[in-house]
Each structure stands twice: as structure tokens, then as C-alpha cells.
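S.K.: One structure is given below, represented as C-alpha cells, and several questions about it will come after.
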Amino acid sequence: MKDYVVKVSENNTGVLAVLGHAGVGHVHSHSGFVQDDSAGFAVVASIMKEAFKVDTTIRTVTGNLETGSITVETYEGGIGTSHTRRGLTPQEVLMLKRAEGEDGIYTQSVAVKTFGRMYGQGAMETPVALQGAIALAVTDSFCKKSPHKIIATQEKYEGLIDKMAGTVVDINGIPASLLLNINGSEGGIGPAEDNEGNTAIGQKGEIMRFLGIDGVPNIIVESKSYVPALSNEIRCSTFLFRGQELIDNTDVAKSLADAASELKFPYILKYDSLPISKGYLENATKIFARKIIKLGERLSGTQSSTDKTSIIADIARLISEDAGGVSFMSNDLHDTARAAGIVPGTASVMSLLVPEDYINYWKIPILTPEDVEQYMRIIFHAAEKLQQ
């Protein structure tokens, strides 16, 4: 039985804000990191769905062999279209139909169920493009259901499929501003996530200011992820709350941790995992590039077909996995916003860790309705603490 009530608010701004994004195609990163980077999108969309009673079930998915486009339509009438850089095969067009009947809120989960797995950075364009089209269709569903209550970006970002939509809801009587955020590159080659978190760039910044997000505590909802350094120390799915001491709003992290404790959900609270380290991403990009160069140099002097194949496979693995850890954000923005896109002084981040045995079986994290329900309950309990 639900212990919360979410309704459309009559307020124009909230006393706190919840932000969640879909990093379209951001599945892998460096050092064995694997995630569902659309957990934040699913959580915020679920809160909005609770308030606006929107049907986000996927009605149809169509692929166009001539243009390489994928179009998703929900039962609410929301439509989202994205494109694949190298086009679609007839077999892929048939496989797209497997997504019909699924809840579009779970963008990466649906794409993985449809094609078996996903890689970003141009390695697997069709599942990434499908994920983007689903996210756009879900967002459009909210806009069509309540055009006077949902404010959304209208101008297209160059080279990106980015879209944001925000509103205000009452959570157990507490007004909360919500921001739904899609980040992805055209062609299904993502990720490119300068607009993730609560970075206030361009149109997104205008929506945030309109909803008062820039002046209240922010909860940034992040991924369901396997992080070797932490995941290998836990035995079950465990929430992770992060806010860098003296930099971020650690009251938010503390409130989330207290809420999880009261709800008896396993959690880890860290105040030291999001330091500002200027030049970090630029240096990481150079280190990654040197790895590619080294493999290229080895390849240039190789005669054996077996050796060439092995080296090329190593390059493919680096591109499809580790490259996600350097391509997702611009270097200068990372100098302050860091990996989760946090404006200093405003927010803390929540995510869900999976243990080693989970990733050994599933290979790629799959977000579930049960996960989202736990995210929501923690947020709603934390909202009461933050209001106080």
C-alpha cells in the first residue's frame, strides 16, 4: 500500500526540486563501470505519471528503412523520433516491434530487452536510437496530457536529441519542482551529457529558473550502476547518497540517508566522492587517447591476421566501454559540475548500486518498477525532512 499522495500542484515553484535524466547510450564507462543511466528519468517520470495519470505504455514502434529513423508512439499519443547513423536493416525493423506494450518510462531496460544489450559511442546505434525515441515519446506524452502545466524546451540543440520538461507537483502536500531531462547525440551515438544534473545551460536554465529550481535544495537522481570499488563490497542492491563536503548541499544527502534508514533500505552515505578536480576529465581523455594510439601503433606493425583481429577487438572494447567515461561531458564543464552535473552548493546525488553477482549474471543493469518505487519512497520521506 502506498504511503504517499502525489498531485498536480497549484504552486508555481517548489520548496525543493527533483531532477532526473536519461543518458541515452551511456551504459559503460572506465574501470568496469556499467549502468542504467536512465534511472533518474524513470523516477521523475514516475512521479509525474502519479500526478498526471499519463499512459506511458508504448503503442507502436516503427522503423523507416529509407531514412533510418525510429518512431515511438505511446497510448497517450506522445511521439518521439530519432535516427540511426548507419540506417536500419529489415531484421532490426522487425525486432523493434518487441518494444510494443512495454512501459516507456524504463527507456534503457526496454532497449536492452528488445536487442539483448547496448553499447554507446557508435558501437550499437539502433538500441541507443530506440532508447532516445522512447524517452522523447514519454516526455511528449506529458506535454500533450497537460500542456498548461508542463513547461518544455522548444528549440533543438545542435547535434543532440536533448529535451527537458518540468512541472510542480505536491508530494504529501509538499510542493516539489520536477525536471525530466533527456541527453543524447543524434544518430544513436551518445552519450553527450552537458545538460545532465542541474547544470543550468540555455533553455534548460530558463525552465529551472521559471520553476524555482535554482533557489531550493535539489535531489539529483542518478543511475542504477555497478561500480567495482563499491559494488564488490556489498551483497544486495544498495542506495548510494553523495554530496561533497564544503562544496555540495550535504543536507540533501543526509536527509536521503535518514529516509533510507527509516525505511530500512540498505544505503551508503559518502561526503568525499565528488571533489572538484580541475583538469581531471581533460587528463583522462588524453590517457584514453594514448591507449588508442598505442594499440594503433601495434596494429601498424602487425603481420598476422590473428594478431590484427585481437588488437582491433581491443580497440573496439575500449571504444564501446571505456570511451563513455570521457565522451559524456565537456572538459571545462566537468571542472565544476563533475560526473553527475552538479552545480556547487545546490544538490546531492542518489543512485542505486548493484553487487558483483548481479552484474555477473545480467551484464547490464536493468531498472525495475520495484527499484523506482524504492527511489520514490526515499525521496518522499526526504522531502519532509528537507521542508523542516
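S.K.: Quick one: what pairs do we get from the range 332-353, first residue over 17 Å from F33 (Cβ atoms), second surrounded by fewer than 24 Cβ atoms within 10 Å (Cβ to Cβ) and among the charged types (D, E, K, R), C-beta under 6 Å, 6+ apart or different chains?
M.R.: L333/D194; D335/K278
S.K.: Okay, moving on. Among the numbered conditions (1) of a type outside the set (D, E, K, R); (2) within 20 Å of G40 (Cα to Cα); (3) within 19 Å of the chain's Cα centre (by Cα); (4) part of a helix (DSSP H, G or I), tell me where S320 comes up short.
M.R.: Of the numbered conditions (1) of a type outside the set (D, E, K, R); (2) within 20 Å of G40 (Cα to Cα); (3) within 19 Å of the chain's Cα centre (by Cα); (4) part of a helix (DSSP H, G or I), the odd one out for S320 is (2).
S.K.: Next up: Return yes when L367 is surrounded by 22 or more Cβ atoms within 10 Å (Cβ to Cβ) and touching a residue at least 12 places away in the same chain (Cβ under 8 Å) and no when it is not.
M.R.: yes
S.K.: Same structure again: Pick out the one residue from Q91, Q131 that is at negative phi, among the polar types (S, T, N, Q) and free of Cβ contacts under 8 Å to residues at least 12 places away in the same chain.
M.R.: Q91
S.K.: Given the criterion within 13 Å of I105 (Cα to Cα) and polar (S, T, N, Q), identify the matching residue among S9, S38.
M.R.: S38
S.K.: Does at least one position in the range 311-327 carry a residue that is outside the structural domain of A39 (by TED's automatic domain parsing), out of contact with any helix residue (DSSP H, G or I) (no Cβ under 7 Å at 6 or more places or on another chain), surrounded by 19 or more Cβ atoms within 10 Å (Cβ to Cβ) and over 23 Å from F115 (Cα atoms)?
M.R.: yes
S.K.: Enumerate the strands (runs of 3 or more DSSP E) found wholly within the range 1-93, keeping only those where 1 or more residues are crowded, with 20+ Cβ neighbours inside 10 Å, out of contact with any Gly (no Cβ under 7 Å at 6 or more places or on another chain) and not charged (D, E, K, R).
M.R.: Of the strands (runs of 3 or more DSSP E) lying wholly inside the range 1-93, those with at least 1 residues that are crowded, with 20+ Cβ neighbours inside 10 Å, out of contact with any Gly (no Cβ under 7 Å at 6 or more places or on another chain) and not charged (D, E, K, R) span 6-8, 16-23, 34-36, 58-63, 79-83.
S.K.: Return a yes/no flag: does the range 147-159 have any residue that is part of a strand (DSSP E or B) and buried (at least 19 other Cβ atoms within 10 Å of the Cβ).
M.R.: No, the range 147-159 contains no residue that is part of a strand (DSSP E or B) and buried (at least 19 other Cβ atoms within 10 Å of the Cβ).
S.K.: Would you say G63 is in contact with a helix residue (DSSP H, G or I) (Cβ under 8 Å, 6 or more places away or on another chain) and of a type in the set (G, A, S)?
M.R.: So G63 passes the test.
S.K.: Now for a different question. Being aliphatic (A, V, I, L, M) and either without any contact (Cβ under 8 Å) to a residue 60 or more places away in the chain or over 30 Å from P217 (Cβ atoms) (or both): is that true of V54 here?
M.R.: no
S.K.: I've got another one for you. Within 17 Å of A22 (Cβ to Cβ), outside the structural domain of I319 (by TED's automatic domain parsing) and either not acidic (D, E) or not in a strand (DSSP E or B) (or both), is that true of A176?
M.R.: No; evaluated as a whole, the condition is false for this residue.
The values are calculated or read from the model by the stated rules, or taken from the named source; none is laboratory data. Keep in mind the model is a prediction, meaning the values are calculated, not measured. All Cβ positions, glycine included, derive from the backbone under ideal geometry; neighbour counts span all protein chains shown.
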